Amino acid sequence: MDYQHLLLERDGHLATLTVNRPDKLNALNERLVAELTDAFATLSEGADRPRVVVLTGAGKAFVAGGDIKGMAPMSPTDAYRFASAGHRLCASIEAAPFPVIAAVNGFALGGGCELLLACDLAYAADTAKLGQPEVLLGVIAGFGGTQRLTRRVGPGKARELLYTGDTIGADEALRIGLVEGVFPAAELRAKVNDIALRIASRGPLAVAATKRVVLRGADVALPVACELEAQTFATLFGSSDQREGMEAFIGKRKATFEGR
């Protein structure tokens, strides 16, 4: 797919996806949702896939929500199709075999906040504004916000944000656990890249397996999740990365992981 509203950069084991519709504050329309879904599917395939992906936005917004002018005339059937596409996008982020880090450079509202919620980690500029303001438009969150926000910040705070539609600042987002860290806006990309590169230097099979076990384990009983963890732990002992990591530790040298 040729991307009209998305920039993809590769730098070694790190990939950066930049939503590039700044004149519309990176608002989500059907085309942009399709491009993002295609990008995550493409990055997830092949032997040269990245070890970490950073998702950010161009200009003053991360993603400022849905494109309301495009959404306003939707029929219920159209709206269901759009919401389903958004759910597929968020599911593809969660299912990606690498961590996805949201670098929230500005507004992350509505669908933008829902994209953040699908990511593994999120870091915000100190100027960022976040929220789920859909009730101000007479609708609800449609890309998983009612479910993932509750899981991220707890049911009480999620209900407050979803019922009021209030927007919060970066410091409040950090306080309630919506983001993992807040940095000065001018330093956000560098700080997030530092974190991404640290993760990329770890055993990629182990990082991907950790993501998979954390995600799957959250939806099953604890004994089932612990069994999944034990099986995955054992499986990694058949990998070259496990041998390299432990031999490097014993030999007091830095490990060089190859992802096999």
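The values are calculated or read from the model by the stated rules, or taken from the named source; none is laboratory data. In this text the structure is predicted, and so the values were computed from the model without any measurement. Note that we place each Cβ from the backbone using ideal geometry, even for glycine, and neighbour counts take in every protein chain shown.
Just a few scattered comments:
- Some residue of the range 234-249 being of a type outside the set (D, E), in contact (Cβ under 8 Å) with a residue 40 or more places away in the chain and assigned by TED's automatic domain parsing to the domain that holds D126: no
- Within the range 182-203, the set of residues being among the charged types (D, E, K, R), farther than 18 Å from K254 by Cβ and in contact (Cβ under 8 Å) with a residue 24 or more places away in the chain comprises R189, K191.
- Taken together, the residues in the range 132-160 that are part of a helix (DSSP H, G or I) and under 20 Å from the mean Cα position of the chain (by Cα) amount to 10.
- The set of residues in the range 208-234 that are β-branched (V, I, T) and either farther than 16 Å from P97 by Cα or touching a strand residue (DSSP E or B) at 6+ places or on another chain (Cβ under 8 Å) (or both) comprises V220, V224.
- Residue in the range 7-16 that is of a type in the set (V, I, T) and either touching a Gly at 6+ places or on another chain (Cβ under 7 Å) or at pLDDT below 95 (or both) present: no
- Residue in the range 141-160 that is acidic (D, E) and in contact with a Gly (Cβ under 8 Å, 6 or more places away or on another chain) present: no
- Checked against (1) within 23 Å of V52 (Cα to Cα); (2) outside the structural domain of P99 (by TED's automatic domain parsing), P223 passes all but a single condition, namely (1).
- Subset of the range 2-20 (residues that are more than 28 Å from A79 (Cα to Cα) and surrounded by fewer than 21 Cβ atoms within 10 Å (Cβ to Cβ)): L8, E9, R10, D11, G12, H13, L14
- In the range 207-255, the residue that is surrounded by the fewest Cβ atoms within 10 Å (Cβ to Cβ) out of those that are in contact with a helix residue (DSSP H, G or I) (Cβ under 7 Å, 6 or more places away or on another chain) and among the acidic types (D, E) is E229.
- Residue in the range 160-180 that is free of Cβ contacts under 8 Å to residues at least 24 places away in the same chain and either under 19 Å from P99 (Cβ atoms) or not assigned by TED's automatic domain parsing to the domain that holds V52 (or both) present: no
- Of all residues in the range 1-20, those that are charged (D, E, K, R) and assigned to a loop (DSSP other than H, G, I, E, B) total 1.
- Scope the range 222-243; condition under 17 Å from R260 (Cα atoms) and either assigned to a helix (DSSP H, G or I) or touching a Lys or Arg at 6+ places or on another chain (Cβ under 6 Å) (or both); matching residues: T232, F233, A234, T235, L236, F237, G238, S240, D241, Q242, R243
- Enumerated helices (runs of 4 or more DSSP H) restricted to the range 21-124, each holding at least 1 residues that are surrounded by fewer than 16 Cβ atoms within 10 Å (Cβ to Cβ) and in the same structural domain as R152 (by TED's automatic domain parsing): 30-44, 68-71, 76-95
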